[in-house]
1. Using 0.36 nm per residue, how much length does the chain from Q114 to L83 gain when fully extended, once their Cα-Cα distance is taken away?
2. To the nearest µm²/s, what D does Stokes-Einstein give for the range 21-110 at 4 °C and 1.567 mPa s, using the Kirkwood radius over alpha carbon pairs as Rh?
3. Tell me the relative contact order for the range 201-279 as a rounded percent, counting alpha carbon contacts under 8 Å between residues six or more apart.
4. Among V234, V285, T250, whose Cα sits farthest toward the positive end of the charge dipole of the range 229-290 (+1 at Cβ of Lys/Arg, -1 at Cβ of Asp/Glu, about the Cα centre)?
5. Under 5 Å between amide H atoms, partner at least 5 residues away or on a different chain: which partners does A248 have, H built in plane at 1.01 Å?
6. Would the range 81-206 count as rounded, prolate or oblate if I go by the C-alpha gyration tensor, calling it rounded below 1.5 in a/c and otherwise prolate when a/b exceeds b/c, oblate otherwise?
7. Can you tally the net charge around I102? Count Lys and Arg as +1, Asp and Glu as -1, for every other residue whose Cβ sits under 12 Å from the Cβ of I102.
8. Under a 5 Å amide H to amide H cut-off, with H placed in plane at 1.01 Å, what residues pair with V234 once short-range neighbours are removed?
Amino acid sequence: MSHDHNHLPAEIRHEKPLWWALALTASYLVVEVVGAFWSNSLALLSDAAHMATDTVALVIALTAVRLARRPPDARRSYGYARLEALGACVNGLLLFAVGLYILWEAAERFRAPQPVVASGMLWVAGFGLLVNLIAMRLLSAGSGESLNVKGAYLEVWSDMLGSLVVIVAALVIRVTGWTLVDPILAVLIGLWVLPRTWVLLREAVNVLLEGVPKGIVLAEVDAAMRGQPGVADVHDLHVWALASNRPALTAHVVAAAGEDADALRRQLAGLLHERFAIDHATLQVEGDHCGDVGHCSGHDHHGHHHHDHGH
């Protein structure tokens, strides 16, 4: 019997606000980089790195939305979901390089302070504040319904605070002439961005290495499956992520004597969906524990390979 395993969502929502927010943040990122070199402001350049993390977050959110529409094909049976993690890795490495450059440049400026065009800082940061407020408005409606949009909303919200910090620095320089506030705030913004970039990079590498997704404890999944009535044993249990928000599971389940394999499979799929939000589960229900497939005799694994995705 053939099965229809179509995982495409019936409706993709909140995509247009994400596109608008990406256009705004990416455009301002270019303006901020140009403005940073024009005004000779390290704090503005550091905030541009912060804005780059927001742009990355929006790109990842849009990538996840767009890839959800692309079905697997003959060459990529899992589709294109891993491109999200690959993009995050590349961007994370670039942001690390920028962050380290800013910290090195700040150390140089502590030794030899440089003049800063405070008015240029003020205008660019003020424009950035306006851009972030508009982006927050665009994303606010979807932030309560979509994890992708919520993540992007929080990134933009934090960058709005960064713009406020740069505005304060510009005002201090303009009023007092104390230019050391520029590298000081650059270091503070850099120390704010680098840990977040590390988290992004770590999560992306975990996806690529097929590690257990964030928020899921393998031992708890194993214990929950073993605790299901009718389960005699669970082995060859693997949990990984196709993308940051798409956990998947495979397992061999040994059914107790007299248990209906299909009914047990459906019960386990419901358990995985409700307790762990795992909707892509491939469960092989066996009558006995035969170990590795290559060592089984008289047991048709292909005939007992059942799929359930918890829909």
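1. Numbers: separation 31, 0.36 × 31 = 11.16 nm, distance 4.20 nm.
Stretched out fully, the Q114 to L83 stretch lengthens by 7.0 nm.
2. Working: Rh = 14.8 Å.
Answer from the Stokes-Einstein relation: 88 µm²/s.
3. Details: 96 pairs, mean separation 21.6, N = 79.
Relative contact order for the range 201-279 comes out at 27 percent.
4. The one lying farthest along the dipole's positive direction is T250.
5. Residues meeting the amide H criterion: W240, A241, L242.
6. On the way: a/c = 3.27, a/b = 1.44, b/c = 2.27.
Oblate.
7. Details: positive: R109; negative: D47, E105, E108, D182.
Around I102, the charge tally is -3.
8. Sorted by chain and number, the residues that satisfy this are V254.
The values are calculated or read from the model by the stated rules, or taken from the named source; none is laboratory data. All figures in this text were calculated on a predicted structure; none of them were measured in a lab. Cβ: placed from backbone, ideal geometry, glycine included. Neighbour counts: every protein chain shown. These area figures cover heavy atoms from the full protein model, side chains too; ligands, DNA and RNA do not enter into them. Shrake-Rupley method; radii C 1.70, N 1.55, O 1.52, S 1.80 Å.
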